[in-house]
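The values are calculated or read from the model by the stated rules, or taken from the named source; none is laboratory data. Computed from a predicted model, the values in this text were never measured in an experiment. With ideal geometry, Cβ positions are generated from the backbone for all residues, glycine too; neighbour counts draw on all protein chains shown. Only protein heavy atoms, including side chains, enter the accessible area calculation; ligands, DNA and RNA are left aside. Shrake-Rupley method; radii C 1.70, N 1.55, O 1.52, S 1.80 Å.
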Amino acid sequence: ACRLPWWRSSATCKLWQSGHFLPWDRCQMLNIKGINTTVGQEQQVGIQEKRMLEDLEMPLARRETETLFEEQPETGNQYLEDTLLQSYLKTHLPPKVLEEVHQDLQRFGNRLLTKIHPLSWECELNPPVFRQYDAWGRRVDHIHTCSAWRRMKEISAEEGLIAEAYERRYSNWSRLYQAVKLYLFSSSSGGFSCPLAMTDGAAKVIESLGIPSSLKNAFDRLTSRNPEKFWTSGQWMTERRGGSDVANGTETVARKQPDGTYRLYGFKWFTSAADSDVTLTLARIADAEGQCTQGSRGLSLFFLRVRDEEGKLNNIEVQRLKDKLGTRQMATAELWLQGARAELISAEGRGVAAISNMLNITRIHNVIGAAASMRRMISLSRDYARKRVAFGKLLKDHPLHMQTIARMEVQARGAFLLMMETVRLLGLAETNLASEQDQLLLRLLIPVAKLYTGKQASAVALEAMESFGGQGYMEDTGLPVILRDALVLSIWEGTTNILSLDVLRSLAKSQGQVMAVFLSTVQKKLELASGTEELSPAVQRTQEAIRSLRQFMEAAGSEQALTMELAARDFSYSLARIYTGRAKTGIREPGNGPSLSPSRWSSQELCPVAVESGRGSYRGRAALQDSALVFGNSRL
């Protein structure tokens, strides 16, 4: 029997389309009087009612059984259905680039629909399996992945999902083009977007180091279009004592060997895509007495092969695979490094600085995954609304239901525009076309976009699941998979609070330059849009939010550091909403005219940090009250 869920492509599963589909609540309502229907609807209801009554007259064992009582939502070519994406590309890309990109994306959309979607579900149904010993008691530590997962790796190479960004066929637009392909691929990747993110990050680190001769082969493989040569990379940073706190949590020790290589000893608590070919990892170099420098100054960056040419692990032991809430398609493991041979690739003690390029790339991939997840869920919700009948009419004819989807759509569009703006700036930086202001803005937008879209993705997935009613809660529909996988997006690559504090660090390190560039960029865009009458309300509300933000920053400048730490999350949300409001005024969003989405976006609170500041939420007393509330101080 076909196991594809109904949220997957209809082109890959015909069995679900047989029979007639009669919603159960529709059956219950057939005898309720007073429902307004058209002539066509009355005829259809009459036929369905007759069938149902005939079935009820039969003994239970003889009644026609149905495997599904509802019409399944379907999506077509994701690229051709995404009018906002097409509009963005048409607005920004040079004509010749647009022509080539459009043709390839249309082809890729068809491949996703007909070939890649089924593989995605196979990855979900066949998660990795860990076999520690063979039949004769020998330790093998073998992680078995399904054929669909391995095929995803081949497809990633064939489509140039990493290569596109480094070949730079389209100069600064190459990175944006790569991001678009990843955006389309993400929801159909069966979790393979994660190893691609780390692979892209590893390639970026090696490129930033000038591609040393010892890493030339690795770089060529990480960016290859040849499936037989293509490598994926891991990112082994998390250890038992800390996740984001690598400065104090990293215990792995590196011991230098006579040939100049190093042997690594330690325990990696959380290693995603443990079946990758290579990895980058942090470790502390031990001196002749075996002592290591503590803190971030003691961390260095290493490159290592996970297995040798014969497939044997590089003095690595797999303790177990993690039992995760989501992303179960991918092997995430606990690993012991028992003298793993590695190459030092950063300056000694400069590991954190060297790996920062990888973190920037993986955070951008996280944004891409968040935007893609939202788009997928809304596309399914929209199609379901065209087919599902409830209370005598289609869901799309219920105003409250459509209002709910419209609100999700606004969030999805905001995430998309924030994503595209970030990768556009990255493309400029990678081709030496970025101004100093562009680079400062990119430094700020990466953590802002990641933290905000990660939270958006979870909220939209949960809301969208509700739009399917009980079907949204059923495992075989595939919808719970999308929700579970979306929940990790606010955790991977730094949680919301960690990244909010990183936003504050970017302001402090630049001595306020980052914030000045942010405000100037937003203001210039608003001035250009102010001449459009339809955009005037949105522009005005965004300008009011900017004034509130300025007032908050002026007041916070004289406060203690605690004030800004308490405000960090709301401050980052304010930056995300204001900047997205700026982006929405610059593109005509098809289907709704230019003003609908900007006006809806600006109708939410654009500057929550000013609101909470006015309530006294960031004063020193507030921190004590928060602690007392959490831990149950009866005096409050």
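Details
- Working from Cα pairs under 8 Å separated by at least six residues, relative contact order for segment 83-228 is 24 percent.
- Greater than 25 Å apart at Cα, pairs in Lys256/Lys324; Lys96/Lys524; Lys216/Lys312: Lys256/Lys324; Lys96/Lys524
- Ser510 accessible area, 1.4 Å probe, all protein chains in place, Å² to nearest 10: 10 Å²
- Rounded to the nearest 20, the Cβ-based charge dipole of the chain about its Cα centre (Lys and Arg +1, Asp and Glu -1) stands at 500 debye.
- Within straight-line reach of Lys509, meaning a Cα separation under 21 Å, sit the following lysines at least 8 residues removed in sequence or on another chain: Lys450.
- Pairs of Cα atoms nearer than 8 Å and 6+ residues apart set the relative contact order; for segment 273-402 it is 21 percent.
- Given Lys153/Lys229; Lys181/Lys322; Lys204/Lys455; Lys204/Lys229, the pairs whose alpha carbons are separated by over 22 Å: Lys181/Lys322; Lys204/Lys455
- Segment 300-356: C-alpha pair distances exceeding 19 Å, %: 49 percent
- Intensity falloff of segment 83-228 expressed as log10 I(q)/I(0), Debye formula with alpha-carbon point scatterers, at q = 0.13, 0.14, 0.16 Å⁻¹: -0.68, -0.77, -0.95
- Whole-Å distance, taken between Cα centres, linking segment 362-421 and segment 156-192: 23 Å
- Segment Thr114..Ser530, full-extension length gain: 145.3 nm, with 0.36 nm per residue of separation and the alpha-carbon distance subtracted.
- A probe of 1.4 angstrom, applied to the heavy atoms of all protein chains, finds Trp336 with accessible area near 80 square angstrom.
- Cα convex hull volume per residue for segment 233-350 (Å³): 103 Å³
- About the Cα centre, charge dipole magnitude for segment 62-184 (Lys/Arg +1, Asp/Glu -1 at Cβ), debye: 520 debye
- Taken about its Cα centre, segment 295-402 carries a charge dipole of about 860 debye when Lys and Arg each add +1 at the Cβ and Asp and Glu each add -1 at the Cβ.
- Solvent-accessible ranking of Asp287, Asp200, largest area first, probe 1.4 Å: Asp287, Asp200
- Label point distance in nm, Glu154-Trp136, each placed 7 Å from Cα along Cα→Cβ: 3.1 nm
- Residue ranges 106-115, 409-418 sort as 409-418, 106-115 when ordered by packing (mean number of other C-beta atoms within 10 Å per residue, highest first).
- Kirkwood-type hydrodynamic radius, segment 234-281: 11.7 Å, calculated from all non-identical alpha-carbon pairs.
- (i) 42, 34, 25; (ii) 53, 30, 25; (iii) 64, 25, 24, with the label sought being that of the calculated semi-axes √(5λ) of the Cα gyration tensor in Å: (i)
- In nm, spacing of pseudo-spin labels at Glu565 and Gln103 (7 Å Cα→C-beta vector): 5.8 nm
- 20 Å reach of a label modelled at Gln540, 7 Å along Cα-to-Cβ, counting backbone N of segment 504-529: 523-529
- Per-pair calculated FRET efficiency, R0 = 60 Å: Arg350 and Tyr473 via Cβ, rounded to 0.05: 0.75
- Calculated mean residue ellipticity at 222 nm for the chain: -17000 deg cm²/dmol, from DSSP H runs with n ≥ 4 weighted as -39500 (n - 2.57), summed, divided by the residue count and rounded to 500.
- Were the residues from Ser147 through Lys509 laid out at 0.36 nm apart, the gain over their Cα-Cα distance would be 125.6 nm.
- Per-peptide average of other Cβ atoms within 10 Å, ordering 446-456, 137-147 highest first: 446-456, 137-147
- In the frame of its principal axes, segment 148-235 has Cα extents of 35, 27, 22 Å, reported largest first.
- Projected label distance in nm at Val630 and Cys292, using a 7 Å step from Cα toward the beta-carbon: 2.9 nm
- Each other residue within a Cβ distance under 12 Å of Ala568 adds +1 if Lys or Arg and -1 if Asp or Glu, for a net charge of -2.
- Most to least accessible of Asp308, Asp259 (protein chains only, probe 1.4 Å): Asp259, Asp308
- Using C-alpha pairs under 8 Å with a sequence gap of at least 6, the mean separation divided by the residue count of the chain gives a relative contact order of 12 percent.
- Between segment 206-261 and segment 435-508, the Cα center-to-center distance that results, in Å: 26 Å
- Extent along principal axes [Cα atoms of segment 428-489; Å; largest to smallest]: 52, 18, 17
- One chain, two ends: Asn248 and Arg169. Fully extended at 0.36 nm per residue, the span grows by 24.3 nm beyond their Cα-Cα distance.
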